[in-house]
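Heads up: the structure comes next, in structure tokens.
Computed from the coordinates by the stated procedures, all read-outs in this text should not be read as laboratory data. Quantities reported herein were computed from a predicted structural model and do not represent experimental measurements. For neighbour counting, all protein chains shown are included, and Cβ atoms are generated from backbone atoms with ideal geometry for every residue, glycine included.
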Amino acid sequence: MFEKFSDQWSPKIIAQLNNYHFKLARIEGDFTWHDHKDTDEVFIVLEGQLRIDFRDGSVTLNEGEMAVVHKGVEHKPFAAKECKILLIEPAGTVNTGDAGGEQTADAVWI
């Protein structure tokens with residue numbers, strides 16, 4: 001599925017289970033500080049390495065590892081080199097939460 005897109009920080013929906021979307025994304029560099037006030041978010045690293053910064057520390061995920069960011073927790077994903085991830089979150093979740101900005105992207109189906 002990653003061969004179908006090259007843009008970064010723009011999640012692509014690949015499946016829906018009940019009210020949850022499964023989204024693929026290519027990421028590299030820094031993302032916007034944000035939170036999701038009403039929902040948890042799951043990050044699964046499929047290829048590469050992802051660091052998720054929090055206001056009080058960070059967690060580094062390698063290929064095959066996952067983390068749950070709980071609702072209301074401010075976070076900022078970062079990847080030094082391109083990283084391919086799977087996100088699981090409720091349908092309609094905006095990638096930048098309420099923070100907005102130029103990295104806000106509408107998730108589309110592929």
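So the values come out like this:
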| item | result |
| --- | --- |
| Flag if Phe54 is under 20 Å from Tyr20 (Cβ atoms) and not charged (D, E, K, R) | no |
| Which numbered condition Gly92 misses (of (1) in contact with a strand residue (DSSP E or B) (Cβ under 9 Å, 6 or more places away or on another chain); (2) at negative phi) | (2) |
| Of residues in segment 72-84 being among the charged types (D, E, K, R) and surrounded by 13 or more Cβ atoms within 10 Å (Cβ to Cβ), the one nearest to Ser58 (Cα to Cα) | Lys76 |
| Residue tally, condition more than 15 Å from Ile88 (Cβ to Cβ), of a type outside the set (A, V, I, L, M) and under 10 Å from the mean Cα position of the chain (by Cα), over segment 1-43 | 4 |
| Whichever residue in segment 10-37 is surrounded by fewer than 20 Cβ atoms within 10 Å (Cβ to Cβ) and aromatic (Phe, Trp, Tyr) and, among such residues, is nearest to Pro77 (Cα to Cα) | Trp33 |
